[in-house]
Every structure is written in C-alpha cells, then in structure tokens.
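Student: Submitted below is the structure of interest, expressed as structure tokens.
Since every read-out is calculated from the coordinates, none of them should be taken as a lab result. Just so it is clear, the structure is predicted and the values come from calculations on it, not from any experiment. Because the Cβ atoms are built from the backbone with ideal geometry, glycine has one as well, and the counts that use them run over all protein chains shown.
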Amino acid sequence: MKYRLIIESKALKSLKNLDKPIAKRISQWIKENLSDCDNPRAFGEPLTGEFKGFWKYRIGDYRVLANIDDAIRIVAVFRIDHRSQVYKK
C-alpha cells in the first residue's frame, strides 16, 4: 500500500520563496521519491534531539523535514529550507 504525500502550507511558502531552479529541483525530487511511494524511509534519515520522530531528506544543500504516519500511510512535509536554517525555530 502506498503512502500519500501532504505538503503543509508553511513548507509550500518556503518552497515558493526559493530560487526557481532550486525549487524545481526540490519539487521534482519530492514528486519522484515521496509521492505515492511504498517506503518513504528508504530515501531519508531519522532525526534526533528536538526533532526526534521526524525524518529528513537531503537534496543538495537543502533539507526536507517530514512526519511519517504509518497508521494512515501519510508523509507530511512540514519544512523545506537550507541546511543552515532548517533546524532553527
């Protein structure tokens, strides 16, 4: 059974504020690897510390942070930003 992808509004806003080539690259990666995938954990790494329980996906110098809910089979992307900024509140 496949996982459904949800991109939260804050992540979409961050994506729209990026340079067009970078935003296109990230969007394409998300579409190819997370949308309707069988195992979203295959492409990322689990986070530790204050983000424990969430997953990160590395796309060049940018990171996509997501919550994976196995009960309802959803990957919810909640943050997209440069690696130097993504873990700051």
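Student: Take TRP29 and decide whether it is buried (at least 17 other Cβ atoms within 10 Å of the Cβ) and more than 24 Å from LYS89 (Cα to Cα).
Tutor: Yes: the conditions hold for TRP29.
Student: Oh, and also: Assigned to a strand (DSSP E or B), surrounded by fewer than 16 Cβ atoms within 10 Å (Cβ to Cβ) and of a type in the set (Val, Ile, Thr), is that true of ILE72?
Tutor: In short, no.
Student: Then there is this: Which numbered condition in (1) exposed (fewer than 13 other Cβ atoms within 10 Å of the Cβ); (2) farther than 17 Å from LEU15 by Cβ; (3) touching a strand residue (DSSP E or B) at 6+ places or on another chain (Cβ under 8 Å) is the only one that ASP61 fails?
Tutor: It is condition (2) that ASP61 fails.
Student: Just give me the residues in segment 33-58 being among the charged types (D, E, K, R) and surrounded by 13 or more Cβ atoms within 10 Å (Cβ to Cβ), in sequence order.
Tutor: Residues satisfying the conditions are ARG41, LYS56, ARG58.
Student: What's the total number of residues in segment 12-26 that are over 11 Å from the mean Cα position of the chain (by Cα) and either surrounded by fewer than 16 Cβ atoms within 10 Å (Cβ to Cβ) or β-branched (Val, Ile, Thr) (or both)?
Tutor: The total comes to 9.
Student: Quick one: how many residues across segment 54-89 are small (Gly, Ala, Ser) and within 10 Å of the chain's Cα centre (by Cα)?
Tutor: Qualifying residue count, segment 54-89: 2.
Student: Can you find a residue that is in contact (Cβ under 8 Å) with a residue 40 or more places away in the chain and part of a loop (DSSP other than H, G, I, E, B) anywhere in segment 4-15?
Tutor: Yes, because at least one residue in segment 4-15 is in contact (Cβ under 8 Å) with a residue 40 or more places away in the chain and part of a loop (DSSP other than H, G, I, E, B).
Student: For segment 35-55, check the following and say yes or no: at least one residue is in contact with a helix residue (DSSP H, G or I) (Cβ under 8 Å, 6 or more places away or on another chain) and in a strand (DSSP E or B).
Tutor: yes
Student: Could you list, in sequence order, all residues of segment 19-60 that are touching a residue at least 40 places away in the same chain (Cβ under 8 Å) and either within 15 Å of VAL86 (Cα to Cα) or touching a Leu at 6+ places or on another chain (Cβ under 6 Å) (or both)?
Tutor: ILE26, LEU34
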